[in-house]
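Report on the following structure.
Coordinate-derived values only; no laboratory data. Fair warning: this is a prediction, and the values are worked out from it, not measured in the lab. Cβ sites come from the backbone with ideal geometry, for glycine too, and all protein chains shown count toward neighbours.
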């Protein structure tokens, strides 16, 4: 990845998931982020999510806030594609996402019938295309699609131009992947990447891996993941965001500022100079 022309940095909503969308826009803009992600769908049962229906007062206010802050919504998360997934069930959410200018939808694959999973991903890509959006499939160690190579296989089987793979630094490491795995992929498949860091030891068992993913990540450059090699392996133009969930009781603004500074330092070191205007 040519980091002398790095895309503007985004803030994943999960970094401070309890901050409501309107507040998130201002918080991210103040700390230097150019884009945000929004959690408009529960990632797992009971997980936080926010409703901003298209045409609602909340949607109009959100649009005004984005315009006023000079920010944008890049992606919407997070949808599990399980055995009973029906693409049409997301139409309302995609309408809401389109109204806010979102470009991508993040999903995970959790259906053991891979041909059905690929067909459902293709159907979702077709539906998302009606709203000017694409779909990124992310691998996770505790899901059926538990490796980057499996995610690539499903995306290629779905065979949709707006389909892609999301590379998450933590999930890449914890599912046995490496920067070389990314380097060996077709560049056109990678549309988005999420940065974070982690301790060197891989947790043992799904429960521990889930716990780390949801509450044990570190700011980029503060752990042992090969982030510089990963940045070098990513193709040019990939949208970068940071996902480092806030610890219980921590101050969201201070946390978001710390994560931005750490990521900025990582990118600056990789480019031997700041990656574009802050």
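This table checks each residue for (1) buried (at least 23 other Cβ atoms within 10 Å of the Cβ); (2) in contact with a strand residue (DSSP E or B) (Cβ under 8 Å, 6 or more places away or on another chain); (3) more than 24 Å from residue 59 (Cβ to Cβ); (4) free of Cβ contacts under 8 Å to residues at least 40 places away in the same chain.
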{"site": "95", "(1), (2), (3), (4)": "no, no, no, no"}
{"site": "101", "(1), (2), (3), (4)": "no, yes, no, yes"}
{"site": "108", "(1), (2), (3), (4)": "yes, yes, yes, yes"}
{"site": "134", "(1), (2), (3), (4)": "no, yes, no, no"}
{"site": "140", "(1), (2), (3), (4)": "yes, yes, yes, no"}
Would you pick out the residues in segment 34-46 that are over 16 Å from residue 244 (Cα atoms) and either buried (at least 16 other Cβ atoms within 10 Å of the Cβ) or touching a strand residue (DSSP E or B) at 6+ places or on another chain (Cβ under 9 Å) (or both)? 34, 40, 41, 42, 44
Specify the residue that is surrounded by the most Cβ atoms within 10 Å (Cβ to Cβ); the eligible residues are those in segment 234-243 that are touching a strand residue (DSSP E or B) at 6+ places or on another chain (Cβ under 9 Å) and at negative phi. 241
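Only one of 224, 247 is in contact (Cβ under 8 Å) with a residue 24 or more places away in the chain, in contact with a helix residue (DSSP H, G or I) (Cβ under 8 Å, 6 or more places away or on another chain) and exposed (fewer than 15 other Cβ atoms within 10 Å of the Cβ); which? Break it down stepwise before answering.
Numbers: 224 fails: in contact with a helix residue (DSSP H, G or I) (Cβ under 8 Å, 6 or more places away or on another chain).
Step by step, each of 224, 247 is checked, and only 247 is in contact (Cβ under 8 Å) with a residue 24 or more places away in the chain, in contact with a helix residue (DSSP H, G or I) (Cβ under 8 Å, 6 or more places away or on another chain) and exposed (fewer than 15 other Cβ atoms within 10 Å of the Cβ).
Only one of 101, 82, 46 is more than 22 Å from residue 253 (Cβ to Cβ) and under 18 Å from the mean Cα position of the chain (by Cα); which?
Working: 82 fails: under 18 Å from the mean Cα position of the chain (by Cα); 46 fails: under 18 Å from the mean Cα position of the chain (by Cα).
One residue alone meets the criteria, 101.
So, restricting to helices (runs of 4 or more DSSP H) that lie completely within segment 15-117, which ones have at least 1 residues that are closer than 21 Å to residue 129 by Cα?
On the way: elements: 21-31, 57-69, 91-99.
The qualifying helices (runs of 4 or more DSSP H) are 57-69, 91-99.
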